[in-house]
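Peer 1: Structure below; questions to follow.
The values are calculated or read from the model by the stated rules, or taken from the named source; none is laboratory data. Not measured: the values here are computed from a predicted model. Here the Cβ positions follow ideal geometry from the backbone for every residue, glycine too, while neighbour counts run over all protein chains shown. SASA here: full protein model, heavy atoms, side chains in, ligands and nucleic acids out. Shrake-Rupley method; radii C 1.70, N 1.55, O 1.52, S 1.80 Å.
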Amino acid sequence: MSTAELRKKLIQKIQSTENESLLKEAYRLLQIDTENIEIYKLNSLQIKKIATAREQIENGQFLTDKEADKEIDEWLKNNLVFKCAERSKKYFAILE
């Protein structure tokens, strides 16, 4: 749908609705668009990092959400269990 078509459909919906809450919300959203919003500017390092990340994605060097979750779970399991066991040994050694 082109911008012109979308604008026309929005105008039609606005003109036909009696829902005051909807009109207020639409007005609020349109105000956000017209306010002076500061555009975030990236520095050269950030631009370079983004370019590197895009290259990695193109080369298939990324993890899916499931893969990343699995790696995190394994790391937590291996590291937290070990640390908790070490703390327990120290705690029980003090009690003895």
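For every residue, the table says whether it meets (1) in a helix (DSSP H, G or I); (2) of a type in the set (D, E, K, R); (3) at pLDDT below 95.
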site: LYS8; (1), (2), (3): yes, yes, yes
site: GLN15; (1), (2), (3): yes, no, yes
site: GLU18; (1), (2), (3): no, yes, yes
site: ILE39; (1), (2), (3): no, no, yes
site: ALA53; (1), (2), (3): yes, no, no
site: LYS66; (1), (2), (3): yes, yes, no
site: PHE82; (1), (2), (3): yes, no, yes
site: ARG87; (1), (2), (3): yes, yes, yes
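Here's the yes/no breakdown for (1) open to solvent by 90 Å² or more (accessible area, probe 1.4 Å); (2) not aliphatic (A, V, I, L, M):
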position	(1), (2)
SER2	no, yes
ILE14	no, no
GLU20	yes, yes
GLU38	yes, yes
ASN43	no, yes
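Peer 1: Name the pairs whose Cβ atoms lie under 8 Å apart, with the first residue in the range 1-23 and charged (D, E, K, R), the second open to solvent by 90 Å² or more (accessible area, probe 1.4 Å), and 6 or more positions between them or separate chains?
Peer 2: Final answer for the pair search is LYS9/MET1.
Peer 1: What is the number of the single condition among (1) more than 20 Å from the chain's Cα centre (by Cα); (2) at pLDDT 95 or above; (3) open to solvent by less than 100 Å² (accessible area, probe 1.4 Å) that ASN59 does not meet?
Peer 2: Answer for ASN59: the failing condition is (3).
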